[in-house]
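*Asks:* Okay, here's the structure, questions in a sec.
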There are 2 protein chains.
Amino acid sequence: MREKKYINKIGLVCVGSELFSHVANSNIHIATRVLESHGFEVNHNAIVHDNFENIIKAVEFCLINGDAVIISGGLGPTFDDITREAIAQLVNKRLIFSMDAWHEIQERFRERKISIIPDRNKKQAMIIEGAKRLINKLGTAPGMMLDYMEKPIFLLPGPPVEFEEMLISCVVPELLENTCSASTQRYIRKGFGIAGEPEAVVEEKTDILREEMVCAGGEWTILALPYLIELWLKLPVSKQSLFDNVEFKLKEIFKDSFLGANGISIPESLLILMKNKKLSCCFAESCTGGLAGHLITEIPGSSYCFNGSIVAYSNKLKKKFLKVPKTVLKKYGAVSEETAIAMAKGARKYGRTDVSLAITGIAGPSGATAEKPVGLVWMAVAITNSKFKTRKFYFAGKRTTIKLRAALAGIDFLRRVIMESRL
Amino acid sequence: MREKKYINKIGLVCVGSELFSHVANSNIHIATRVLESHGFEVNHNAIVHDNFENIIKAVEFCLINGDAVIISGGLGPTFDDITREAIAQLVNKRLIFSMDAWHEIQERFRERKISIIPDRNKKQAMIIEGAKRLINKLGTAPGMMLDYMEKPIFLLPGPPVEFEEMLISCVVPELLENTCSASTQRYIRKGFGIAGEPEAVVEEKTDILREEMVCAGGEWTILALPYLIELWLKLPVSKQSLFDNVEFKLKEIFKDSFLGANGISIPESLLILMKNKKLSCCFAESCTGGLAGHLITEIPGSSYCFNGSIVAYSNKLKKKFLKVPKTVLKKYGAVSEETAIAMAKGARKYGRTDVSLAITGIAGPSGATAEKPVGLVWMAVAITNSKFKTRKFYFAGKRTTIKLRAALAGIDFLRRVIMESRL
């Protein structure tokens, strides 16, 4: 990119992930969020097999309909990784072995304490003639940047962590430095999270706000995520001061349900609150099987507040570790308000934490009775030795969905109880 | 579709899921598996915003490069659902209110015990002139089928359960009935799982087998998933008896690392083994934060073998619940072979299970020392009161990746120990 170009619309082509679409999914998500937060628009996402013709056609399509294209995947060392070759053919250039790239690949292996480097990894050191090599700090496949039809093409590795790191550290700076899109033509997108409210309620309560924003040239999208509604607003850069008004109004409308801006998650929101209040917690999980603990510990630094989770999936473990009385289990059943309280009490007492959360329910498909359907979940939060808050939920969906909603609703319930109790 | 057409390559366009790509992800997965199992090829997947121009361009692209197109999403009742309108414009037809469609929509509301039907749902009863209406048994948005450029276009709703049901009950029968592709041109795809082996090793060891299959007209793909390599083989229907040979040979090559066919996961593989041997287990997790327990309990019926997991994230909980001696933690540290053994021992003893698995490591980004880098994970499996197996791992990547690899490697380690110990 010698001259500055107008770049606004960017296409994304994910290669070779048609079966493992989890990778494509992550990379589309990452690209949309990262690029749109810098004012670019991801206008087309294509997912294609490891197939020469399909890769080339998808890239050409994105170039015709946009200003730049980012390709993820197909840069691995195996026979079916053909992105390098396909793009070299498209731009009619040779592949050249780069000694610098090979040194970096060897370095990655050394970092992983692997002494014998497979010869076939040399394939990853082949760079398209004239392309700029982009350094991959987290994996073996180097990225590349080249021009075609006077538009930039970026080749990035498929694994989402590598893709994201290189998108932020290599692609965005190149785009910002070498493009001349007037800032008035750029947009910024921001997301606001609202926990535990139905989509229709959120839509209704924000009708007026939405109309105001649309009149101001904004684009307003509602996303229903598990136990979370995200309102995404895209505004011209010139109108970005409106974001603060929107945040203020949403807080006013949704009170404790409002989590904040920029895609803050329910677990992050709990951790920030607990850190501010210097509180420690532990969980007692049954039907969620460890998912609540997993979601909290995805966040770096969570050990500051989170001590652990007793996943007492069987009644035996509920008795052994949490000292849930046999009589309670017998009289009320494992999925009951009483058992939830006993679990929370046990976790708080034996884990010696300030507060605790217990989740017990029926994730299905089996285990339901006439009074206790699949999706019934009881939760309890222990605030002191004798003070508890409980809540009953009915979650729709299949096992996986019920587990996820229950874990998030539990974490959100603990957050609300801490806010209300003014601990 | 009056005359029989040759249909092999099908494009998929997912509308309006650029931020909530989970939906697109599911639908791509569903479409690929369903259509490829019937011998069709999904050659392009596009994901576009709720944007007139982008929808039309993506559909045209798929029609030019394929024999049919399936569109998912954008058939809802809200302001941002515009797929109907975009396709009507593309094919230059009007939208006509269908009383039959409206009756069905009302029926769906009655089934959900909702008596007041929002007026905005009338939008969903608008059908493109000349299109065949496809009945949606699970949701309010009817599907449509129409011809353009002498190729079929299918409009299906976005929610994955509705999409899948209509794909199977409406689209596949239409495609099979109205197309003339000879069955010899059809393919079947099967996947085989190999746990814990590097991608390059799997490729090398299957070089000869791959060549045999390619000579037989097959397509061979390697997918590197977390701690799992999947070999996917696509064979002409006429050659499907070869799948058994492949399975037999892979078992011979990879022994205990071979999990089985058809996308069997590592946790499923452990549960099948434990059920056969009538064994019970529990986990003691530290760095994985509950993820190992979560992965096991994603599988219905896991409670048969899995009793629970003590997520002892802090040292306090390691001492309180697992009785890890203070001296062990002080002398060797939380991430050590000795602590892993003590955790496994405590979980097995106090959980009263046949076997137990302990995982302790450094997920990062902080917590590393000169001798203990980020990614170091110690595991222990307790087989009897005094018999243990331990293993040290180094995992590359960021926190999320390290957690996922450690949880899967732990579950796989337990599986291998059970197989070797002949319990």
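*Asks:* Would you mind calculating the relative contact order of chain B from Cα pairs under 8 angstrom and at least 6 residues apart, reporting the percent as a whole number? Display every interim value, and only then the final one.
*Replies:* Values: 810 pairs, mean separation 47.5, N = 423.
Computed over chain B, the figure is 11 percent.
*Asks:* Moving to a separate point now. Quick check on the range B:186-264: of the DSSP beta bridges with both residues there, what percent are antiparallel, nearest 5%? Walk me through the intermediate numbers first.
*Replies:* Working: 19 of 19 bridges.
Of the beta bridges lying entirely in the range B:186-264, close to 100 percent run antiparallel.
*Asks:* Give the aspartates and glutamates reachable from A:K132 as a straight Cα distance under 18 Å; neighbours fewer than 8 places away on the same chain don't count.
*Replies:* Reachable aspartates and glutamates: A:E3, A:E85, A:D100, A:E104, A:D147, A:E150, A:E162, A:E165, A:E174, A:E177.
*Asks:* Can you give me the long-range amide H partners of A:L225? Hydrogens built in the peptide plane at 1.01 Å from N, cutoff under 5 Å, separation of 5 or more residues or another chain.
*Replies:* So A:L225 has HN proximity to A:E230.
*Asks:* Next up: Does the range A:291-388 come out rounded, prolate or oblate by the C-alpha gyration tensor, with a ≥ b ≥ c the root eigenvalues, rounded set by a/c under 1.5 and, if not, prolate when a/b is larger than b/c and oblate if not? Display every interim value, and only then the final one.
*Replies:* Numbers: a/c = 2.06, a/b = 1.38, b/c = 1.49.
Note, shape of the range A:291-388 comes out oblate.
*Asks:* Shifting gears a bit: Along the range B:152-169, what does the Karplus equation 6.51 cos²θ - 1.76 cosθ + 1.60 (θ = phi - 60°) give for ³J(HN,Hα), rounded to whole Hz, x for Gly and Pro?
*Replies:* So the J values, rounded to whole Hz, are x, 10, 10, 10, 10, x, x, x, x, 5, 5, 4, 5, 4, 6, 4, 6, 8.
*Asks:* Now for a different question. Taking the Cα-to-Cβ direction at B:T369 and at A:I117 and moving 7 Å from each Cα, how far apart do the two end points lie in nm?
*Replies:* The modelled label-to-label distance comes out at 3.2 nm.
*Asks:* Further, regarding this structure: Using 1/(1 + (r/R0)^6) with R0 = 25 angstrom and r between the beta carbons of B:E204 and A:F97, what's the FRET efficiency to the nearest 0.05?
*Replies:* Step by step, r from the Cβ atoms, then E = 0.70.
*Asks:* So for A:L134, A:L228, fewest C-beta neighbours within 10 Å to most, what's the order? Show your work: numbers first, answer last.
*Replies:* On the way: A:L134 18, A:L228 21.
Exposure proxy ranking, most exposed first: A:L134, A:L228.
*Asks:* Moving to a separate point now. Only bridges with both residues in chain B count here: give the DSSP antiparallel percent, nearest 5. Mind dumping the intermediate values first?
*Replies:* Working: 43 of 70 bridges.
Of those bridges, close to 60 percent are antiparallel.
*Asks:* Which of A:D119, B:D67 has the fewest other C-beta atoms within 10 Å, and how do the rest follow up to the most?
*Replies:* On the way: A:D119 9, B:D67 22.
Taking fewest neighbouring Cβ atoms as first place, the list is A:D119, B:D67.
*Asks:* If you average the sequence gap of Cα pairs under 8 Å that are 6 or more apart and divide by the length of the range B:186-264, what percent do you get for the contact order? Numbers along the way, then the final one.
*Replies:* Working: 117 pairs, mean separation 38.0, N = 79.
It rounds to 48 percent for the range B:186-264.
*Asks:* Related question: As a test of the definition: which semi-axes, in Å, follow for chain B when you take the square root of five times each eigenvalue of its alpha carbon gyration tensor? Largest first, please. Kindly include the intermediate steps, with their values, before the conclusion.
*Replies:* Values: eigenvalues 484, 149, 70 Å².
Those come to 49, 27, 19 Å.
*Asks:* Alpha carbon centre of the range A:300-332 versus the range A:238-275: separation in Å?
*Replies:* Taking the Cα centre of each part, the range A:300-332 and the range A:238-275 sit 32 Å apart.
*Asks:* In whole Å, what are the Cα extents of the range A:180-271 along the three principal axes, biggest one first?
*Replies:* 40, 28, 20
*Asks:* Here's a follow-up. Regarding the range B:9-181, what is the average projected area of its C-alpha convex hull, in nm²?
*Replies:* On the way: hull surface 37.2 nm².
Averaged projected area of the range B:9-181's Cα convex hull equals 9.3 nm².
*Asks:* Rounded to the nearest 5, what % of DSSP beta bridges with both residues in the protein assembly as shown are antiparallel? If you can, show how the numbers build up before the last one.
*Replies:* On the way: 94 of 148 bridges.
The antiparallel proportion sits near 65 percent.
*Asks:* Also, I was wondering about something else. Using helices alone, I'd like the mean residue ellipticity at 222 nm for chain B: each DSSP H run of four-plus residues gives -39500 (n - 2.57), total over residue count, nearest 500. Before the final figure, lay out the partial values.
*Replies:* Working: 15 runs with 167 residues, N = 423.
The per-residue figure over chain B is -12000 deg cm²/dmol.
*Asks:* Turning to a different aspect of this structure: Have a look at A:G74, A:G143, A:G333 and tell me which one the Gaussian network model of chain A (Cα, springs below 10 Å) gives the largest fluctuation.
*Replies:* A:G333
*Asks:* Greater than 21 Å separation of Cα atoms is the criterion. Which listed pairs, A:K113/B:K372; A:K234/B:K122; A:K316/B:K318; A:K93/A:K122; A:K389/B:K320; A:K255/A:K387, meet it?
*Replies:* Numbers: A:K113/B:K372 13 Å; A:K234/B:K122 28 Å; A:K316/B:K318 19 Å; A:K93/A:K122 19 Å; A:K389/B:K320 25 Å; A:K255/A:K387 24 Å.
A:K234/B:K122; A:K389/B:K320; A:K255/A:K387, as the Cα separations exceed 21 Å there.
*Asks:* Which three extents, in whole angstrom, do the alpha-carbon atoms of the protein assembly as shown cover along their principal axes, largest first?
*Replies:* For the protein assembly as shown, the Cα extents along the three principal axes come out at 73, 66, 55 Å.
*Asks:* Pop a pseudo-label 7 angstrom from the Cα along the beta-carbon direction at both A:I272 and B:E60 and give the gap in nm to one decimal.
*Replies:* Label at A:I272, label at B:E60, 4.4 nm between them.
*Asks:* Which order results if B:K275, B:K403 are arranged by neighbouring Cβ count within 10 Å, fewest first?
*Replies:* Final ranking by Cβ density, sparse to dense: B:K275, B:K403.
*Asks:* I would also like to ask the following. Could you calculate, for the range A:17-116, the ratio of the Cα radius of gyration to the Kirkwood radius, expressed as Rg to Rh? Before the final figure, lay out each step's value.
*Replies:* On the way: Rg = 15.8 Å, Rh = 15.6 Å.
Using only Cα positions, Rg/Rh for the range A:17-116 is 1.01.
*Asks:* At a threshold of 8 angstrom on Cα-Cα distance, excluding pairs fewer than six apart, so keeping six or more, what relative contact order does the range B:316-423 reach in percent? If you can, show how the numbers build up before the last one.
*Replies:* Numbers: 173 pairs, mean separation 23.5, N = 108.
Once divided by the residue count of the range B:316-423, the mean separation gives 22 percent.
*Asks:* Also, quick follow-up: List every residue whose amide H lies under 5 Å from the amide H of A:A68, counting only residues 5 or more places away in sequence or on a different chain, with H placed 1.01 Å from N in the peptide plane.
*Replies:* Correct list: A:G11.
*Asks:* Spelling out what I want: for every residue of the range B:352-366, take phi, set θ = phi - 60°, compute 6.51 cos²θ - 1.76 cosθ + 1.60 (Karplus), and round to whole Hz; glycine and proline get x.
*Replies:* Taking θ as phi minus 60°, the curve returns 6, 10, 5, 9, 8, 10, 10, 10, 9, x, 10, 7, x, x, 9 Hz for the range B:352-366.
*Asks:* Report the full-extension gain for the segment B:C215 to B:R352: residue separation times 0.36 nm, less the Cα-Cα distance, to one decimal in nm.
*Replies:* On the way: separation 137, 0.36 × 137 = 49.32 nm, distance 5.39 nm.
Taking B:C215 through B:R352 to full extension adds about 43.9 nm, to one decimal.
Here, each number is a calculation from the coordinates, and none is a lab measurement. These numbers come from a predicted model, not from an experiment. No Cβ is skipped: glycine too gets one built from the backbone with ideal geometry, and neighbour counts run over all protein chains shown.
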